[in-house]
Amino acid sequence: MANDTQSDASDGTRTGGEAHGRDGGLESIASSRARTLESATTHAAPYALEVECEFAAAHAILLGGVRERLHGHNWRVVISIAGDRLDREELLCDFHLVERLLSETIAPFRDGNLNETPPFDRVNPTAEAVARFVATELTERLARAVPAVQLEWVRVTEAPRCTAIVRMTR
């Protein structure tokens, strides 16, 4: 990396090949990269928690307009919530509260047939649709219970190596 511009954080001087102040272009690129990195990191919440749960349920999805046979899975749901600060007890929020909210969200699906359970009695019960449903419901529940945190993503695994993720925008 002889031609790259590097910053010495202790005194702000530049080091590296051609970038000793002689080439404003390289210095400008490095400065732009630093601002971009700083901007990206300031938008991410510094604290996050992951909570997971499992439930057993059957489904039969439409593939190419043809319904597959009914079969079951042990579904695994993992969620990540984030926030900017900890409370007085040094917690982002109570794990147990988030576990309860997630458990309430998936309760209608436990040991059932997704195709017969709203909203999947009207929506193809794919892993992606389950993840979207959990994301939508949990976002609302979290907003009421813990407004200082936001849902970052929901990951739903219906079988080993078969995972769907819904990412929330911040």
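The values are calculated or read from the model by the stated rules, or taken from the named source; none is laboratory data. No experiment lies behind these values; they were computed from the predicted model shown. Counting neighbours? That spans all protein chains shown, and the Cβs are built from the backbone with ideal geometry, glycine included.
Considering only segment 95-116, state which residues are under 17 Å from Glu50 (Cα atoms), in contact (Cβ under 8 Å) with a residue 24 or more places away in the chain and out of contact with any Leu (no Cβ under 6 Å at 6 or more places or on another chain).
Phe95, Leu97, Val98, Glu99, Leu101, Leu102, Ser103, Glu104, Ile106
Against the list (1) modelled with pLDDT of 95 or more; (2) more than 23 Å from the chain's Cα centre (by Cα); (3) small (Gly, Ala, Ser), the condition Ser103 fails is (2). Cβ-Cβ distances below 6 Å connect the following pairs, each with a first residue in segment 46-67 that is over 30 Å from Phe95 (Cα atoms), a second residue that is at pLDDT 95 or above and among the hydroxyl-bearing types (Ser, Thr, Tyr), and a separation of six or more residues or different chains: Ile61/Thr126. Exactly one residue out of Leu63, Leu91 is within 23 Å of Ala44 (Cα to Cα), hydrophobic (A, V, I, L, M, F, W, C) and loosely packed, with under 14 Cβ neighbours inside 10 Å: that is Leu91. When Arg122, Arg155 are checked against the criterion of being in a loop (DSSP other than H, G, I, E, B) and either surrounded by fewer than 12 Cβ atoms within 10 Å (Cβ to Cβ) or under 13 Å from the mean Cα position of the chain (by Cα) (or both), a single residue qualifies: Arg122.
Summed over segment 84-100, residues that are assigned to a loop (DSSP other than H, G, I, E, B) and within 23 Å of the chain's Cα centre (by Cα) total 9.
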